[in-house]
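The values are calculated or read from the model by the stated rules, or taken from the named source; none is laboratory data. The structure presented is a predicted model; accordingly, all values stated were derived computationally and were not measured. Here the Cβ positions follow ideal geometry from the backbone for every residue, glycine too, while neighbour counts run over all protein chains shown. What goes into the accessible areas is simple: the full protein's heavy atoms, side chains included, and nothing from ligands, DNA or RNA. Shrake-Rupley method; radii C 1.70, N 1.55, O 1.52, S 1.80 Å.
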Amino acid sequence: MGHLQDRLKEQIPDLQARAKKLVLEKGSSVISDVTVSQAYGGMRGVRGFVCDTSNVTADEGLIIRGHPLLDIIDILPEEVFYLLLTGEIPDAPALEDLSAQFKEKQNVPDYVWNVLGAMPANSHPMTMLTTGIMVMQEGSEFKKQYNAGIKKSDYWEPILEDGISLIAKLPALAAGIYRMHFEKGDRIEHNPELDWASNFAYMTGLDDPDGDFQKLMRLYLMVHCDHEGGNVSAFAAHTVASALSDPFYSVASGLNGLAGPLHGLANQECLKFVLGVNDHFGKVPQKAEMAEYCWDWLNSGRVVPGYGHAVLRCPDPRFVSFLDFGKKHINNDNIFSIVELLYEIVPKVLRDQGKAKNPWPNVDAASGSLLYYYGLTEFKFYTVLFSISRAMGMIAQMVINRALGVPITRPKSVTTDWLEKNS
Ligand code: HAX
């Protein structure tokens, strides 16, 4: 048992008591109505389940356990995982203990590399990542303990054990996929001196003379950790986990959702868009040229990647954190300058077009330009980075849901005939 596990053991009875009391005293209070538009519109805005790890508000963006993202922007991914689960930033011994647990479980079994090596060379890195995770499902502790008849109230413990084991392996798995897919040479062994995110940067083998790429990875893998419960990847993972599928199955399902171009894959689409601007003009364009380019893009029926959001109605604080990082560390780089220029131009263009409910940049609008600057130019890989981080939120949500005994997800669908008769 580690500090994190001990702390959760102390906290869970209180959380269970709060949930029980709410259901007992306010079980029939209505928290949402559903309109016909929402039924046909991706259930946008319907409040239908609970997620305590983080909250996303329209005007502030990501709030992790009560901390607005930009207030805790310097904490490590290990710290944010502890925070997502417990609501507390770990003290030094708790952080050391969790880091040690990650280090102890970080090795990816050889059979994973054999399977990945047998895949078609053109497989997308996201397909390789979720395949790698699925191959490791064989070692699930939850599956083993469930089959041995573990008590329902104890499910959360092997779920957390699997979760830590999976998160621990993701840097080596992702870096290995990077080197394999893009033919960078042999895999690089981890460096025992480094933290979880820095180790990922190290194992990619990218040149990092000043350690700035490691710094970027600490930021990147922290800010993508969670975005409450209703986004495609979190909700997919939540639903699959509710069937008591173990964390390997559930995280892989969530990440398959993240691989969609309207969700996590948008970060690769976004950099493609920025590179397209650079190719088209051969320089950083003037403001009027940029606006005209965006209008032509929209008029050809396409969305501007990196802009808009289903919930946010403000610049995404995750975007702000990347923009700040770039301003601090990057000078005279056309790609980053185009990202800055787009931030000046696109919101007005989208507002004038009048369709997007949120004209502001989301997380994906700046992150790719920073990765590109540090030599991670293979944008097919970007969603894998997002995934390593987002797995933390999925696992944290699963642990809490199992501790609360949340049952299998089963909302009711209706038919068009039913709606025509009943609405
Ligand atoms: N460019 C052009 N049009 C846009 C737009 C954009 N960036 N964002 C929204 N719109 C359009 C929509 O396509 C929709 O048009 P139609 O009515 O013709 O279908 C209209 O504006 C209303 O959409 P919305 O209600 O504002 O947005 P949604 O909640 O339906 O969708 C999306 C949110 C993020 C999917 C959307 O804004 C989009 O496609 N953005 C570009 C892709 C992107 O950046 N995705 C990454 C999101 C962040 C994320 O999840 N990362 O993982």
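Can you name the residue in region 1-21 that is among the hydrophobic types (A, V, I, L, M, F, W, C) and open to solvent by less than 100 Å² (accessible area, probe 1.4 Å) and, of all such residues, is nearest to Tyr82 (Cα to Cα)? Checked region 1-21; the qualifying residue nearest to Tyr82 (Cα to Cα) is Leu4.
Residues that are without any contact (Cβ under 8 Å) to a residue 40 or more places away in the chain, within 24 Å of Gly61 (Cα to Cα) and open to solvent by less than 30 Å² (accessible area, probe 1.4 Å): does region 335-350 have at least one? Checked region 335-350: at least one residue is without any contact (Cβ under 8 Å) to a residue 40 or more places away in the chain, within 24 Å of Gly61 (Cα to Cα) and open to solvent by less than 30 Å² (accessible area, probe 1.4 Å).
Here region 348-400 is the region considered, the condition is being in contact with a Lys or Arg (Cβ under 8 Å, 6 or more places away or on another chain) and aromatic (Phe, Trp, Tyr), and the residue that is farthest from the ligand (Cβ to nearest atom) is Phe379. Checking the structure you have, find out if any residue of region 303-321 is farther than 28 Å from Gly42 by Cα, more than 16 Å from the ligand (Cβ to nearest atom) and either touching a residue at least 40 places away in the same chain (Cβ under 8 Å) or in contact with an Asp or Glu (Cβ under 6 Å, 6 or more places away or on another chain) (or both). There is no residue in region 303-321 that is farther than 28 Å from Gly42 by Cα, more than 16 Å from the ligand (Cβ to nearest atom) and either touching a residue at least 40 places away in the same chain (Cβ under 8 Å) or in contact with an Asp or Glu (Cβ under 6 Å, 6 or more places away or on another chain) (or both). For region 276-289, a residue qualifies if it is touching a residue at least 24 places away in the same chain (Cβ under 8 Å) and either within 16 Å of the ligand (Cβ to nearest atom) or within 13 Å of Val346 (Cα to Cα) (or both), and the qualifying residues are Val277, Lys287. You will find that of Ile159, Ile188, the residue that is more than 17 Å from Ser387 (Cβ to Cβ), assigned to a helix (DSSP H, G or I) and β-branched (Val, Ile, Thr) is Ile159 and no other.
Candidates in region 26-57 are the residues that are within 15 Å of the ligand (Cβ to nearest atom) and under 17 Å from Leu312 (Cα atoms); of these, the one that is most open to solvent (accessible area, probe 1.4 Å) is Arg44. Residues Ile133, Ile89: which one is among the β-branched types (Val, Ile, Thr), crowded, with 22+ Cβ neighbours inside 10 Å and within 27 Å of Glu161 (Cβ to Cβ)? From the options Ile133, Ile89, the qualifying one is Ile133. Identify all residues within region 269-280 that are under 11 Å from Ile338 (Cα atoms), surrounded by 15 or more Cβ atoms within 10 Å (Cβ to Cβ) and not polar (S, T, N, Q); write none if there are none. Those that are under 11 Å from Ile338 (Cα atoms), surrounded by 15 or more Cβ atoms within 10 Å (Cβ to Cβ) and not polar (S, T, N, Q): Leu271, Phe273, Val274, Leu275, Val277. Annotation note: of Tyr372, Tyr382, the sole residue that is open to solvent by less than 40 Å² (accessible area, probe 1.4 Å), on the phi < 0 side of the Ramachandran plot and touching a residue at least 60 places away in the same chain (Cβ under 8 Å) is Tyr382.
Screening the candidates Ser300, Ser321 for the property of being among the hydroxyl-bearing types (Ser, Thr, Tyr) and open to solvent by 30 Å² or more (accessible area, probe 1.4 Å) yields one hit, Ser300. Among the residues of region 229-273, which ones are within 14 Å of the ligand (Cβ to nearest atom), hydrophobic (A, V, I, L, M, F, W, C) and outside any helix (DSSP H, G or I)? Those that are within 14 Å of the ligand (Cβ to nearest atom), hydrophobic (A, V, I, L, M, F, W, C) and outside any helix (DSSP H, G or I): Ala259, Leu262, Leu265.
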